[in-house]
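For reference, the structure discussed in these notes is given below.
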Amino acid sequence: MLDVLLIPIAVWYLAILTALFVFGLNFAHLTWMATREPVAPASCVPDPWPAVTVQLPIYNEYYVARRLIDAVAAMRYPVGLLEIQVLDDSTDETSQIISGAVARWSEQGVDIRHIRRQGREGYKAGALRHGLEVARGELVAIFDADFLPPADFLTALVPTLVADPGLAFVQARWGHLN
């Protein structure tokens, strides 16, 4: 009777060991691929720099909207190649804060637009899609309202993305203020 119970347990044990072995092989393969070709050095400067559209989807983010807009508007990037879209679906006072911040930065020469939709179809993803319809950038960066990107974010990541035409996106480290 004990032998009959041990057979299913042994089968499950071997199946789990096999799965772990496959995952280990995959990890080893990914490690080998990552170390095989070096990433473009940070000193690699694109010539010419691509136009970038930064999208900021915001919905009732009263307390953090201005902080995000100020951080993105202060980003360093070649003049005339940075477009900022504040995609606002807010139904509270956040829209007034956004309007004021966008007007202030626009007066300082920043290419920034406050884009509002009639409805909220698709929620934030719908706002991003709507913004892409009028975006002029070759590359797109998206920051949620809780993010606070450093001023060198684009100048640090765009060279890596442009250096390898096989790359579709670059994901960066982010942290919380609190």
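Couple of notes before you dig in:
- Membrane-span-like helices in the chain (whole DSSP H runs, Cα extent of at least 27 Å along the helix axis, mean Kyte-Doolittle hydropathy of at least 0.5): 2-36.
- For region 48-146, applying the loop criterion from DSSP together with a ceiling of 16 other beta carbons within 10 Å to the GluC sites (Glu not before Pro) yields E93, E121, E138.
- Distance from the C-alpha centroid of region 81-121 to that of region 52-69: 8 Å, rounded to the whole angstrom.
- Using Cβ point charges alone (K and R +1, D and E -1), the dipole size of the chain about the Cα centre works out to roughly 40 debye.
- Based on the convex hull around the alpha carbon atoms, region 115-177 presents an average projected area of 5.7 nm².
- When Rg and Dmax of the Cα atoms in Å is computed from the coordinates, the matching label among [x] 19.8, 61; [y] 21.4, 71; [z] 23.2, 84 is [z].
- In percent, rounded to a whole number, the relative contact order of the chain is 29, using alpha-carbon pairs under 8 Å and six or more apart.
- In this Cβ point-charge picture (+1 for Lys and Arg, -1 for Asp and Glu), region 59-98 has a dipole of about 280 debye about its Cα centre.
- Per residue solvent-accessible surface (Å²) - the chain, probe of 1.4 Å: 66 Å²
- Longest DSSP-loop-exposure-free segment, trypsin sites (Lys or Arg not before Pro), the chain, at most 13 other Cβ within 10 Å: 1-75
- The magnitude of the dipole of region 110-178, with charges of +1 and -1 set on the Cβ of Lys/Arg and Asp/Glu and taken from the Cα centre, is near 340 debye.
- In this structure, the amide hydrogen of V140, modeled 1.01 Å from its nitrogen in the peptide plane, lies closer than 5 angstrom to those of T53, counting only residues at least 5 positions away or on a different chain.
- The chain: most fluctuating residue of V22, V11, V110 per GNM, C-alpha cutoff 10 Å: V11
- Element breakdown for region 41-178 at a 1.4 angstrom probe: carbon and sulfur atoms account for 54% of the accessible area.
The values are calculated or read from the model by the stated rules, or taken from the named source; none is laboratory data. Worth saying up front: this structure is predicted, and the values here are computed from it rather than measured. Cβ sites come from the backbone with ideal geometry, for glycine too, and all protein chains shown count toward neighbours. Accessible surface is based on the protein model in full, side chains and every heavy atom, while ligands, DNA and RNA are left aside. Shrake-Rupley method; radii C 1.70, N 1.55, O 1.52, S 1.80 Å.
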